[in-house]
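Below is one structure, written out as structure tokens; the observations come after it.
The values are calculated or read from the model by the stated rules, or taken from the named source; none is laboratory data. The shown structure was predicted, so the numbers you read here are calculated from the model rather than taken from an experiment. Cβ: placed from backbone, ideal geometry, glycine included. Neighbour counts: every protein chain shown.
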Amino acid sequence: MEGFVKSLITMFVIMDPFISSLVFMEMSHGMSSREKSAEALTAVCVAGGLLVLFSFSGPYLLEALKIDIRSFQIAGGVILIIMGVQSVLEAAPEGSVQRPVGSKALGVIIGTPLLTGPGALMTITTLTKQFGHLIPLLASATVLAFAWLMLRLSEQIDRLVGRRVIQVMSKLMGLLVTAIAVQYIVDAVKGYLSSS
């Protein structure tokens, strides 16, 4: 249970459904409810497919390249720090994102790199090395279900709480991402020191 809770919190913070919903609100402007539902499902399917792929291939890829998991944690920690700082200092202002050309482009863009980018792929690989395949994938599925609800109900959420609240929540996620990244690096360094 502890592994699931840790995986759930980590994946939720790093995937940050709040920023994805903000971008979805902007880019889906003018779409019908049916189109938005389809794009939300596409986004979740794309993100989920990538997470499953990296959950199974990531650990073997590290072994094939002879990359130590602690080195991978440090590299991933650096990436997450950059992502976290960017998330805290930047926001997607209203009207700054243009709707892409093509009916399926939106779902793919939300699916990756927003929901499932380098940070999420690195994290699912690290969690798989720690807890096996099942726990991180169940945690990721839970996050994706929440993300789908946020995307599907983005208009209602916008009317209920407003975009400013969602932006604040996204910045909080960015701060937590930075903290997780620092912990990754600290744990990896401790591992190197204890093995030397």
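Taking the condition at pLDDT 85 or above, closer than 30 Å to Gly3 by Cα, part of a helix (DSSP H, G or I) and more than 12 Å from the chain's Cα centre (by Cα), does Leu144 pass? Spell out how you get there, then give the answer.
Values: at pLDDT 85 or above: yes; closer than 30 Å to Gly3 by Cα: yes; part of a helix (DSSP H, G or I): yes; more than 12 Å from the chain's Cα centre (by Cα): no.
Answer is no for this residue.
Checking Met25 against (1) outside any helix (DSSP H, G or I); (2) in contact with a helix residue (DSSP H, G or I) (Cβ under 9 Å, 6 or more places away or on another chain); (3) within 17 Å of Asp158 (Cβ to Cβ): exactly one of these is not met. Which one?
All conditions are met except number (1).
Quick one: is Val5 modelled with pLDDT of 90 or more and farther than 20 Å from Val177 by Cα? Talk me through it step by step, then tell me what you get.
Numbers: modelled with pLDDT of 90 or more: yes; farther than 20 Å from Val177 by Cα: no.
Spelling it out, it is not the case that Val5 is modelled with pLDDT of 90 or more and farther than 20 Å from Val177 by Cα.
Considering Gly76, Gly107, which residue is in a helix (DSSP H, G or I), among the small types (Gly, Ala, Ser), modelled with pLDDT under 85 and in contact with a helix residue (DSSP H, G or I) (Cβ under 9 Å, 6 or more places away or on another chain)?
Details: Gly107 fails: modelled with pLDDT under 85.
Only one candidate qualifies: Gly76.
Has the stretch 6-24 got any residue that is within 29 Å of Val189 (Cβ to Cβ), buried (at least 19 other Cβ atoms within 10 Å of the Cβ) and among the hydroxyl-bearing types (Ser, Thr, Tyr)?
Checked against the condition, which is being within 29 Å of Val189 (Cβ to Cβ), buried (at least 19 other Cβ atoms within 10 Å of the Cβ) and among the hydroxyl-bearing types (Ser, Thr, Tyr), the stretch 6-24 yields at least one hit.
Which pairs do you get when a residue that is closer than 13 Å to Lys36 by Cβ, found in the stretch 131-156, comes within reach of a residue that is among the β-branched types (Val, Ile, Thr), reach meaning Cβ atoms under 8 angstrom, with the pair 6+ apart or on two chains?
Short answer, once both residue conditions are applied: Trp148/Val44; Met150/Ile157; Leu151/Val44; Leu151/Ile110.
Taking the criterion of being modelled with pLDDT of 85 or more and among the hydrophobic types (A, V, I, L, M, F, W, C), would at least one residue in the stretch 85-96 satisfy it?
Initial filter on the stretch 85-96 (modelled with pLDDT of 85 or more): 85.
Now restrict to residues that are among the hydrophobic types (A, V, I, L, M, F, W, C): 85.
Within the stretch 85-96, one or more residues are modelled with pLDDT of 85 or more and among the hydrophobic types (A, V, I, L, M, F, W, C).
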